[in-house]
Amino acid sequence: MHADIRPKRSVRFFAVCIGVGLLAGLMSGLFGVGGGTVIVPLLVLLLGFDQRFAAGTSLAAIVPTASVGVVTYAIDGHVAWIPALILAAGAVIGAQIGTWLLPKLSQTALRWAFVAFLLVVIVSLYFVIPSRDAELVLTWITGPGLAVLGVVTGILAGLLGVGGGIIVVPALLLLFGTSDLVAKGTSLLMMIPTAISGTVGNLRRSNVDLAAAACVGIAACATTALGAQIAKAVDPFVANVLFSIFLVFIATQIAIKAVRGRHQR
């Protein structure tokens with residue numbers, strides 16, 4: 001990334017970064033996602049970032065954001081530490097596979113398949129309401145299951161550029177019967193090693209705007225805890241409804257990219 005493509009530092013630049021961070025932090029704490037689904041499109045739209053540069057900057061901003069989220073969920077015991085590390089290890093391996101597969105597969109077909117997956121998840125969220133007391137217990141079945149989920153998450157992240165939380169939170173809710181709060185806290189912890197590893201690689205390729213990442217990340221930290229507190233306060237069914245609305249937003253974004261990609265062929 002060349003310096004001349006970077007947006008000029010101005011009052012508007014920092015104001016936009018702070019605004020984007022505040023919104024991303026709220027979403028991150030509320031839904032257990034990294035916030036990249038908010039950060040990337042807004043940096044592209046409002047500051048003219050290149051897509052790849054926005055993704056690299058977003059990944060760096062996610063590290064402090066997710067860390068604050070983990071602390072907030074951990075205070076009430078809503079983080080499954082070992083399962084999160086198994087997921088993270090799987091995701092790091094999966095991301096390598098995903099980036100290797102990227103040139104070999106049709107992006108448009110992948111995007112439509114992911115939209116279909118999200119639609120199934122959205123419908124399921126209205127029928128599966130997990131208990132707030134349900135924990136994520138490691139057994140001979142759930143352990144390997146988490147490793148597989150981590151790898152699949154990493155592959156999809158590498159192929160589609162989506163954050164792991166979009167896949168991990170609904171999978172933990174629907175497949176593992178975990179409480180929505182434990183799913184969100186565990187998802188945020190899983191993201192930290194993945195985001196650090198990705199950021200180190202992006203820094204080597206000069207693919208991060210450090211000023212924007214710091215600004216977005218610090219602003220996000222101010223609202224992540226608020227998002228997590230709202231998640232704890234609302235009824236589990238209401239939490240599922242809110243999450244489904246968020247997933248509709250993501251599915252729409254990916255569908256638009258799929259349509260554009262097909263027209264560009």
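Each reported figure results from applying straightforward, stated rules to the coordinates on display, with no laboratory input. Note that this is a predicted model, so its numbers are computed, not measured. Counting neighbours? That spans all protein chains shown, and the Cβs are built from the backbone with ideal geometry, glycine included.
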message = Can you order the peptides 72-82, 120-130 by their average number of other Cβ atoms within 10 Å per residue, highest first?
response = 72-82, 120-130
key: Tilt relative to the chain, helix 165-174 - C-alpha long axis, 0 to 90 degrees, to 10   = 10
task = Determine which residues of segment 142-175 fall in the zone a paramagnetic label at Q107 would reach in this model, i.e. backbone nitrogen under 11 Å from the point 7 Å along Cα→Cβ.
result = 160-161
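If you stretched the chain out fully between Q229 and L119, how much longer would it get, using 0.36 nm times the residue separation minus the C-alpha to C-alpha distance? Kindly include the intermediate steps, with their values, before the conclusion.
Details: separation 110, 0.36 × 110 = 39.60 nm, distance 2.71 nm.
My answer for the length gained is 36.9 nm.
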note = Extension length gain for L85 and Q51 (0.36 nm per residue less Cα distance), in nm, is 9.4 nm
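Please rank C17, C215, fewest neighbouring Cβ atoms within 10 Å first, as an exposure proxy. Walk me through the numbers before you get to the answer.
Working: C17 28, C215 21.
Lowest count first: C215, C17.
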request  = May I ask for the angle, rounded to the nearest 10°, between helix 210-233 and the longest principal axis of the chain, with both axes built from Cα atoms and the value confined to 0 to 90°?
outcome  = 20
query = Remind me, what semi-axes does segment 3-264 give for its equivalent ellipsoid, largest first in whole Å, using sqrt of 5 times each Cα gyration tensor eigenvalue?
reply = 27, 21, 18
task = With θ set to phi - 60°, apply the Karplus curve 6.51 cos²θ - 1.76 cosθ + 1.60 along segment 44-55 and write out the HN-Hα couplings as whole Hz, x wherever there is a Gly or Pro.
result = 5, 6, 8, 10, x, 5, 5, 3, 5, 5, 5, 5
ask   = Pulled fully out, how much extra length does the chain show between K8 and L242, if you take 0.36 nm times their separation in residues and subtract their Cα-Cα distance?
value = 80.6 nm
task = Using the 4.7 Å Cβ rule, please list in number order the cysteines from the chain without any candidate partner.
result = C221
query = Which of these, P144, P236, P64, has the largest mean-square fluctuation under a Gaussian network model of the chain (Cα springs below 10 Å)?
reply = P144
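Relative contact order for the chain using alpha-carbon pairs under 8 Å, separation at least 6, rounded to a whole percent? Working shown, then result.
Details: 444 pairs, mean separation 103.3, N = 265.
Across the chain, relative contact order equals 39 percent.
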note = For the pair W100 and R204, the simple spin-label estimate (label points 7 Å beyond Cα toward Cβ) gives in nm 1.7
task = Please report the relative contact order for segment 34-104, taking Cα pairs under 8 Å with a sequence separation of at least 6, and give it as a percent rounded to a whole number.
result = 24
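Pairs of alpha-carbon atoms within less than 8 angstrom and 6+ residues apart define the contacts here; what relative contact order does segment 1-127 have, in percent?
On the way: 56 pairs, mean separation 21.9, N = 127.
Once divided by the residue count of segment 1-127, the mean separation gives 17 percent.
When a/c reaches 1.5 or more, the comparison of a/b and b/c decides; with that in mind, is segment 123-237 rounded, prolate or oblate per its Cα gyration tensor? Present the calculation step by step, with values, prior to reporting the outcome.
On the way: a/c = 2.39, a/b = 1.41, b/c = 1.70.
Oblate, because a/c is 1.5 or more while a/b does not exceed b/c.
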task = Could you pull out every one of the lysines with an alpha carbon less than 20 Å from that of K232, ignoring same-chain neighbours closer than 8 positions?
result = K184
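Could you please rank K8, K257, placing first whichever residue has the fewest other Cβ atoms within 10 Å of its Cβ?
Ascending number of Cβ neighbours within 10 Å: K8, K257.
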ask   = How far is helix 236-264 tilted, in degrees, relative to the longest principal axis of the Cα atoms in the chain, given as a value from 0 to 90 rounded to the nearest 10?
value = 40
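Among rounded, prolate and oblate, which fits segment 83-154 when a ≥ b ≥ c are the square roots of the eigenvalues of its C-alpha gyration tensor, a/c under 1.5 means rounded, and a/b larger than b/c means prolate? Don't jump to the answer; show the numbers that get you there.
Numbers: a/c = 3.49, a/b = 1.25, b/c = 2.78.
Since a/c reaches 1.5 but b/c is at least a/b, the shape of segment 83-154 is classed as oblate.
What shape does segment 199-247 have by the C-alpha gyration tensor, where a ≥ b ≥ c are the square roots of the eigenvalues, rounded means a/c under 1.5, and otherwise prolate means a/b greater than b/c and oblate the rest?
On the way: a/c = 4.19, a/b = 2.30, b/c = 1.82.
In terms of gyration-tensor shape, prolate.
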query = So which lysines pass the test for K257, namely a Cα distance under 24 Å, with those fewer than 8 places away in the same chain ruled out?
reply = K104
